[in-house]
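The values are calculated or read from the model by the stated rules, or taken from the named source; none is laboratory data. Keep in mind it's a predicted model, so treat the numbers as computed, not measured. As a convention, Cβ positions derive from the backbone with ideal geometry for all residues, glycine included, and neighbour counts pool all protein chains shown.
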């Protein structure tokens with residue numbers, strides 16, 4: 001997939017409109033793609049699509065291979081005969097502009113359980129054959145994931161190191177007994193994945209038919225409480241009871257005096273290298289079946305990462321450790337060919353990170369909100385952009401453009417007004433125009449900026465464990481006038 005001059009919009013599927021409490025892969029997704037096409041956009045960027053747990057973060061998933069069941073469309077299930085109209089009569093009083101995960105999850109899971117019950121009794125040979133084929137094709141990760149989720153349910157959601165030692169340590173006899181005891185729950189989890197991927201592939205094909213390409217997201221690290229770690233303990237630094245001996249984080253900087261303690265287990269890269277990075281090859285291959293481009297979150301970790309003792313309360317005390325570097329990317333390139341990666345290289349970036357990105361011609365990221373510090377040499381200012389990059393007004397971790405302007409220090413507001421020659425009354429569109437007029441290959445803005453929304457529409461506050469990922473788009477906001485305005489922008493700056 002070639003990097004060509006294009007424009008696009010960042011919107012995670014959970015933020016789509018639907019009457020069912022959360023964005024899903026039904027009619028709302030298709031309407032969204034229609035809007036992108038009408039606006040002359042060629043790109044749709046999403047966040048990780050995996051199943052979420054505590055904190056509802058797509059960056060802390062129970063599996064890097066699985067899809068999020070909460071994104072399954074009840075409307076499509078109804079159309080396929082896997083739900084009845086009566087099942088959708090008593091919908092809770094969901095908000096149209098926020099996801100109430102506490103209200104949503106129990107209702108959605110009960111609905112999915114009904115769909116599985118109907119499937120078991122449907123005698124739909126076409127669907128049964130497709131399900132059997134899906135399980136065979138995806139068995140490399142699906143068998144472990146479905147068992148993992150069934151066991152989590154049996155253990156009231158407890159993390160896997162809290163399970164009895166025989167299951168925690170994956171002793172063959174205990175696993176065989178569990179597969180027999182929880183066979184229906186395992187089938188149920190596999191069925192949810194089958195339906196998710198079936199619906200996602202329909203959405204993606206609709207995007208392809210409308211000349212829209214999707215940018216996905218692979219976080220460099222995986223969640224500790226995941227089937228990935230449970231099934232591949234040897235690939236991480238863990239103790240005998242499954243707890244990380246060292247974890248990922250970010251050292252202290254001007255954002256945080258104590259750094260950021262992410263807590264993800266760290267890879268034993270030597271073991272990954274010895275087996276040809278096979279787990280990573282599988283991970284990237286699976287992602288490329290879902291999306292066209294991949295944003296590599298925390299790209300700098302491939303060059304070097306901050307290692308913190310597993311028992312540390314903060315990220316202050318740690319050390320820099322070399323990542324797998326060029327050997328990793330060369331191996332991936334030899335196995336998979338062209339690398340359709342976007343390197344998330346924000347933050348404090350050292351020369352080794354820049355060299356690694358350049359060696360493989362990977363476009364980096366530029367965020368215009370970071371540009372107005374007062375120095376004309378700031379690389380995020382549009383006149384300093386390079387062609388091989390992806391320019392954003394802001395990302396899911398930033399405030400909205402309007403929220404940024406209201407809350408940033410006055411010296412930054414003043415420099416923005418002087419540099420952009422604007423008065424601040426249309427800051428969101430000023431930043432959009434700054435990004436779209438840039439030489440950057442891709443220009444992307446969150447839909448919140450196109451709608452000129454304030455801080456209440458922010459998607460995520462880094463460092464806050466709760467209260468994130470809940471914002472939703474309301475369908476009536478996608479007017480023909482907005483589509484035409486974006487289309488004109490794409491035309492003016494050759495991004496259509």
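Say whether the condition of being in a helix (DSSP H, G or I), over 23 Å from the mean Cα position of the chain (by Cα), more than 18 Å from residue 443 (Cα to Cα) and at pLDDT 95 or above is met by at least one residue in region 357-372.
yes
Is it the case that some residue within region 429-448 is modelled with pLDDT of 95 or more, in a loop (DSSP other than H, G, I, E, B) and more than 30 Å from residue 360 (Cα to Cα)?
Taking region 429-448 and keeping what is modelled with pLDDT of 95 or more, we get 429-448.
Narrowing further to those that are in a loop (DSSP other than H, G, I, E, B): 437-441.
Keeping just the survivors that are more than 30 Å from residue 360 (Cα to Cα) gives none.
Scanning region 429-448 turns up no residue that is modelled with pLDDT of 95 or more, in a loop (DSSP other than H, G, I, E, B) and more than 30 Å from residue 360 (Cα to Cα).
Would you pick out the residues in region 390-414 that are assigned to a helix (DSSP H, G or I) and surrounded by 20 or more Cβ atoms within 10 Å (Cβ to Cβ)? Steps first, please.
Narrowing region 390-414 to residues assigned to a helix (DSSP H, G or I): 401-407, 410-414.
Hits for region 390-414 are 401, 402, 403, 404, 405.
What residue, among those in region 21-32 that are in contact with a helix residue (DSSP H, G or I) (Cβ under 6 Å, 6 or more places away or on another chain) and buried (at least 22 other Cβ atoms within 10 Å of the Cβ), is farthest from residue 287 (Cα to Cα)?
21
Within region 238-251, track down each residue that is buried (at least 16 other Cβ atoms within 10 Å of the Cβ) and either part of a loop (DSSP other than H, G, I, E, B) or in contact (Cβ under 8 Å) with a residue 60 or more places away in the chain (or both).
Here is the first cut: in region 238-251, the ones buried (at least 16 other Cβ atoms within 10 Å of the Cβ) are 238, 242, 244, 246-251.
Across region 238-251, the qualifying residues are 242, 244, 246, 247, 248, 249, 250, 251.
All but one of (1) modelled with pLDDT of 95 or more; (2) in a loop (DSSP other than H, G, I, E, B); (3) more than 29 Å from residue 496 (Cβ to Cβ) hold for residue 465; state the number of the condition that does not hold.
The single condition residue 465 does not satisfy is (1).
Of the residues 431, 451, which is surrounded by fewer than 24 Cβ atoms within 10 Å (Cβ to Cβ) and under 19 Å from residue 482 (Cβ atoms)?
Numbers: 431 fails: surrounded by fewer than 24 Cβ atoms within 10 Å (Cβ to Cβ).
None of the others qualify; the one that does is 451.
Can you pull out every residue in region 40-56 that is crowded, with 23+ Cβ neighbours inside 10 Å and farther than 21 Å from residue 199 by Cα?
Within region 40-56, just 41 meets the criteria.
What tally of residues in region 291-337 results from selecting those that are assigned to a loop (DSSP other than H, G, I, E, B) and in contact (Cβ under 8 Å) with a residue 24 or more places away in the chain?
Within region 291-337, the subset assigned to a loop (DSSP other than H, G, I, E, B) is 291-292, 298, 303, 310-318, 323-324, 337.
Keeping just the survivors that are in contact (Cβ under 8 Å) with a residue 24 or more places away in the chain gives 291-292, 298, 303, 310, 312-316, 318, 323-324.
So the count comes out to 13.
Need the failing condition index for residue 354 against (1) surrounded by fewer than 19 Cβ atoms within 10 Å (Cβ to Cβ); (2) under 23 Å from residue 485 (Cβ atoms), just the number.
Result: residue 354 passes all but (2).
For the condition within 30 Å of residue 445 (Cα to Cα) and either modelled with pLDDT under 95 or part of a loop (DSSP other than H, G, I, E, B) (or both), what is the one hit in 207, 223?
Working: 207 fails: either modelled with pLDDT under 95 or part of a loop (DSSP other than H, G, I, E, B) (or both).
Of the residues listed, the single one that is within 30 Å of residue 445 (Cα to Cα) and either modelled with pLDDT under 95 or part of a loop (DSSP other than H, G, I, E, B) (or both) is 223.
So, of the residues in region 439-482 that are more than 25 Å from the chain's Cα centre (by Cα) and in contact (Cβ under 8 Å) with a residue 60 or more places away in the chain, which turns out to be nearest to residue 259 (Cα to Cα)?
Restricting attention to region 439-482, the residues satisfying the condition of being more than 25 Å from the chain's Cα centre (by Cα) are 439, 476, 479-482.
Okay, now just the ones that are also in contact (Cβ under 8 Å) with a residue 60 or more places away in the chain, so 480, 482.
Details: 480: 45, 482: 40 Å.
This residue is 482.
Go through (1) crowded, with 22+ Cβ neighbours inside 10 Å; (2) part of a helix (DSSP H, G or I) for residue 201 and report which single condition fails.
The number of the failed condition is (1).
Being modelled with pLDDT of 95 or more, surrounded by 14 or more Cβ atoms within 10 Å (Cβ to Cβ) and within 21 Å of the chain's Cα centre (by Cα): is that true of residue 286 here? So that I can check it myself, show each step before the final result.
Details: modelled with pLDDT of 95 or more: yes; surrounded by 14 or more Cβ atoms within 10 Å (Cβ to Cβ): yes; within 21 Å of the chain's Cα centre (by Cα): yes.
Yes; evaluated as a whole, the condition is true for this residue.
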